[in-house]
Amino acid sequence: MRDADPSTNEREFLLAALKDGARIDGRKFYDFRTLRLTFGAEYGAVEVQLGNTRVLAKVSCEVIRPYTDKPTEGFLMFNTELSPMASAAFEVGRQTDEEVLVSRLIEKAMRRSRALDTEGLCIVAGEKVWSIRVDIHFLDHDGNLVDAACIAAITALLHFRRPDVTVVGEDVTIHTLEQRNPVPLSIHHIPICTTFAFFNNGERMIVDPSFLEEQVKEGDMTVTLNVHKEVCALSKAGGIPMEIDQILQCTKIAVVKVAEITAQIQAALEADAKKR
């Protein structure tokens, strides 16, 4: 089942507002919606609310055998689930193009940018390593799933604690939370996605498009950066062509947004740590 396309009136009203320099939800062109982070009782459980878009991320771990060609590297895996609970356009057991795009973008942003130190997940070389799994569940779809999922995934990884391990010879002991304090993961940097939508042949550009804006857009682009101004990934799947100047402008805007979101994530993590 597809979501209903916007009516002609909705489309024309949105485009007329953009031409007049306004967005229908009152935001400025380069404003994100309000971001809220809620942590669960367990380490590694985070709910992100970006406007009315809600995403839940849950991190888990297990001990497995590493690949023979990479005996000291652990694993980082992502699993995305777009269910009808988020939107009527999604069906159980059937991947949509949007789900494939979101999962690939998260993979690029997190794993290929080496955000997590996978060698730090080694317990016994060639025998035992940690496998970290991030399950991302989409609860409400009101636009810009990619940015919300990226924020949820990296925040959950930062919040997560794995059990402590003692290795004596060939004996490996995994301690419970009661025996020893759990250990945080080694995160090298915090990649944050910033999605732009384009209108009016690329003359109008906005940040964090809502669901209606996504339906009307002529093209989009997602820039993934960290606070060190390093480009981790850049994705543009179709849509109108872009000039180099536009891409550079997008990255400059993204640098500012990434710094704001990273500061908010770290403040939320510090506040949660004080409560525990």
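The values are calculated or read from the model by the stated rules, or taken from the named source; none is laboratory data. If you're wondering where the values come from, they're calculated on a predicted model, not measured in any experiment. Counting neighbours? That spans all protein chains shown, and the Cβs are built from the backbone with ideal geometry, glycine included. Areas reflect the complete protein model, heavy atoms only, side chains present, ligands, DNA and RNA absent. Shrake-Rupley method; radii C 1.70, N 1.55, O 1.52, S 1.80 Å.
Let me spell it out: the conditions are (1) in a strand (DSSP E or B); (2) surrounded by 20 or more Cβ atoms within 10 Å (Cβ to Cβ), and R36 meets all of them except one. Which number is the exception?
It fails just one condition, (2).
This table checks each residue for (1) open to solvent by 40 Å² or more (accessible area, probe 1.4 Å); (2) among the aromatic types (F, W, Y); (3) at pLDDT below 95.
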| position | (1), (2), (3) |
| --- | --- |
| V146 | no, no, yes |
| A152 | no, no, no |
| V165 | no, no, yes |
| G169 | yes, no, yes |
| N181 | yes, no, yes |
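So how many residues does the range 209-236 have that are touching a residue at least 24 places away in the same chain (Cβ under 8 Å) and more than 22 Å from G51 (Cβ to Cβ)? Outline the logic, then answer.
Narrowing the range 209-236 to residues touching a residue at least 24 places away in the same chain (Cβ under 8 Å): 209-216, 220-230, 232-233, 235.
With the extra rule that they be more than 22 Å from G51 (Cβ to Cβ), the set shrinks to 226-230, 232-233.
Residues that pass the stated criteria total 7.
So which residues in the range 237-276 are open to solvent by 90 Å² or more (accessible area, probe 1.4 Å), closer than 19 Å to D147 by Cβ and of a type outside the set (D, E), if there are any at all?
K252 - this is the single residue of the range 237-276 that is open to solvent by 90 Å² or more (accessible area, probe 1.4 Å), closer than 19 Å to D147 by Cβ and of a type outside the set (D, E).
Among the candidates V129, V172, V167, V134, which residue alone is in a strand (DSSP E or B) and touching a Phe, Trp or Tyr at 6+ places or on another chain (Cβ under 6 Å)?
After ruling out the rest, the residue left standing is V134.
Being out of contact with any helix residue (DSSP H, G or I) (no Cβ under 9 Å at 6 or more places or on another chain), under 22 Å from A148 (Cβ atoms), at pLDDT below 90 and of a type outside the set (A, V, I, L, M, F, W, C) narrows it down to one residue among R2, R27, R33; which is it?
Working: R27 fails: at pLDDT below 90; R33 fails: at pLDDT below 90.
None of the other options fit; the residue is R2.
Return the residues of the range 116-133 that are farther than 17 Å from D171 by Cα, open to solvent by 60 Å² or more (accessible area, probe 1.4 Å) and not basic (K, R); say none if nothing qualifies.
Once the filter is applied, which keeps residues that are farther than 17 Å from D171 by Cα, open to solvent by 60 Å² or more (accessible area, probe 1.4 Å) and not basic (K, R), the range 116-133 yields only E119.
Among the aliphatic types (A, V, I, L, M), farther than 22 Å from V124 by Cβ and in contact (Cβ under 8 Å) with a residue 24 or more places away in the chain: which single residue out of I206, I174 fits that description?
Values: I174 fails: farther than 22 Å from V124 by Cβ.
Result of the check over I206, I174: I206.
Condition first: closer than 27 Å to A273 by Cβ, within 21 Å of the chain's Cα centre (by Cα), among the polar types (S, T, N, Q) and open to solvent by 30 Å² or more (accessible area, probe 1.4 Å). Can you find one or more residues in the range 221-236 that meet it?
Within the range 221-236, not a single residue is closer than 27 Å to A273 by Cβ, within 21 Å of the chain's Cα centre (by Cα), among the polar types (S, T, N, Q) and open to solvent by 30 Å² or more (accessible area, probe 1.4 Å).
Checking the conditions here, which among K70, K128, K58 is at pLDDT 90 or above and in contact with a His (Cβ under 8 Å, 6 or more places away or on another chain)?
Only one candidate passes the filter, namely K58.
Identify, please: which residue in the range 12-33 is farther than 18 Å from D208 by Cα and part of a helix (DSSP H, G or I) and is, among those, most open to solvent (accessible area, probe 1.4 Å)?
F13
Could you list all residues from the range 154-163 that are in a strand (DSSP E or B) and surrounded by fewer than 19 Cβ atoms within 10 Å (Cβ to Cβ)? Write out each step before concluding.
Our first condition is that a residue be in a strand (DSSP E or B); within the range 154-163, this holds for 161-162.
If the condition is that a residue be in a strand (DSSP E or B) and surrounded by fewer than 19 Cβ atoms within 10 Å (Cβ to Cβ), then R161 is the only one that fits.
Residue check: is D245 touching a Phe, Trp or Tyr at 6+ places or on another chain (Cβ under 8 Å) and farther than 14 Å from K108 by Cβ?
On the way: touching a Phe, Trp or Tyr at 6+ places or on another chain (Cβ under 8 Å): no; farther than 14 Å from K108 by Cβ: yes.
No; evaluated as a whole, the condition is false for this residue.
Which one of the conditions (1) closer than 30 Å to I123 by Cβ; (2) in a strand (DSSP E or B); (3) not charged (D, E, K, R) does A273 fail to meet, given that it meets all the rest?
(2)
Of the conditions (1) open to solvent by 20 Å² or more (accessible area, probe 1.4 Å); (2) touching a residue at least 12 places away in the same chain (Cβ under 8 Å), I192 fails just one. Which one is it?
(1)
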